Each structure stands twice: as structure tokens, then as C-alpha cells.
Amino acid sequence: MTDDVAALETFLRRRLREPLPGADAHWRFAPYPALDNWSPDLVPETARRAAALLLIYPGEDGAPTLPLTVRREDLPHHPGQVSLPGGALDPGETPESAALREATEEIGIDPHAVRIAGSLSSLWVIVSNFVVYPFVAVTDSRPSFVPAPGEVAHLLEVPVRDVRDQSRLHWDSWRRGHVDVHYPFFDLGGPAVWGATAMMLGEFACLFDDRHSPPKRTAKPDEIR
């Protein structure tokens, strides 16, 4: 059972030592069509390195919950989008240390109260040229969150069961030049969660069910060739 934090931690520590869903899961949650020469599992030498933290804690009802940040609308990169706490590595810093540091700076967690259960697959975010290393962590009580006012508009506290709920997955689209780009997104009670964050949450959901996927996208008549 994974309906409480202790049981979920036991499951995750075992599952994260096994082969990960990896790029196969990332592709399911990626925008379509993808940019040329992109694959989620590539690690270009020119790419910068970043880390993210998927932190699980008991929510108000005791159910496993995780925090997501809604970025401020006045930020120059990804304004208003939903993210996992995270950011770029400092020189000489390990990805694990960076994930804990960034989560501490962005949402005010106590890193000494956090246990790293393992890591998900790296993900190359081509639009910013970052390779992101996501870590899954657990803490025994809800953190006293302090969102960084210069970065975080507000915090979403999302039950893990909602991330695993396929009925919360939908499709939307936007126009890139002359191309309609379609993207799957999670509806988790705030702004749509899509892009790199959806890909990382998608791989996390696939730890529980390797068939986890957005619904089949139905093409509009003008898309049929």
C-alpha cells in the first residue's frame, strides 16, 4: 500500500533502485511535435545542469502530498508556469545538494528533515538548454513553507493520488510559428502543469503504473492528412 507516507517511502526506495520509466515516459508527456534534434534522454555537453526536488510529506488528511510552485508573472523565464522546486547547480555542487538548496531557497524547507529516496531520470529541457536531475524525497511532517517572494507567486500542495489519477490528464495546444503544438497537461487545481514539469511528474506516476499516460489525442479534421 502507498496511501501513507511511510509506506510510500518504502515503495519508492525499492522502486527507484529498479530500471526507471525514463525517456519512454517523458515522450508520452512531451509537447507534439517535438523540436528537431531533441530527445529527453540526451545530455549535451553544452547544456547547463539543474536539479529539482519532488518532496513528499503528509498533507492535512495525512495523505502523501507534494509541493509545486507557481512562478511569478513578472519573471523573465517561464512566467506563471508551474514547476517543481529547483534550479541551476552552483560550481562544484552535486545535483542532490542543488535540489535541496534550491528547495530551501524557494519554498523554505528544512533540508535536515528531508530524506532522499532516490532519483528519477535526467531530462534535457531544450528551450532553456538545461539537463535537469530530479530527486524524490520524503519528510515526516508538513514543512513550514516560506515561498520566496521574488520567485514564487504561490504554492500548490498536490496529493500524490491526484498525480496518479489519469482523469486529470488532458490536451491543449498553442501556435509555434506555422505549427500547432499539442501538449498534455495535468489539472491539479491550479494553472495547467505541462512541459518539463509534466514530464517529470509523468515519470513519477509511471513508477506506480508503467501504462500511465495522457488520453489518446483526437486529431481535428484540419490535422488529418
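The values are calculated or read from the model by the stated rules, or taken from the named source; none is laboratory data. Note that this is a predicted model, so its numbers are computed, not measured. Cβ coordinates were reconstructed from backbone atoms using ideal geometry, including for glycine residues, and neighbour counts include every protein chain displayed.
If the condition is being modelled with pLDDT under 95 and either closer than 22 Å to Asp24 by Cα or β-branched (Val, Ile, Thr) (or both), then the range 127-151 contributes Val127, Ser128. If you filter the range 1-23 down to residues that are among the charged types (D, E, K, R) and without any contact (Cβ under 8 Å) to a residue 60 or more places away in the chain, you find that the one that is farthest from Arg115 (Cα to Cα) is Glu18. Restricting the search to strands (runs of 3 or more DSSP E) fully inside the range 24-115 and requiring at least 2 residues that are over 14 Å from Ser128 (Cβ atoms), in contact (Cβ under 8 Å) with a residue 12 or more places away in the chain and of a type in the set (Val, Ile, Thr) gives 64-71.
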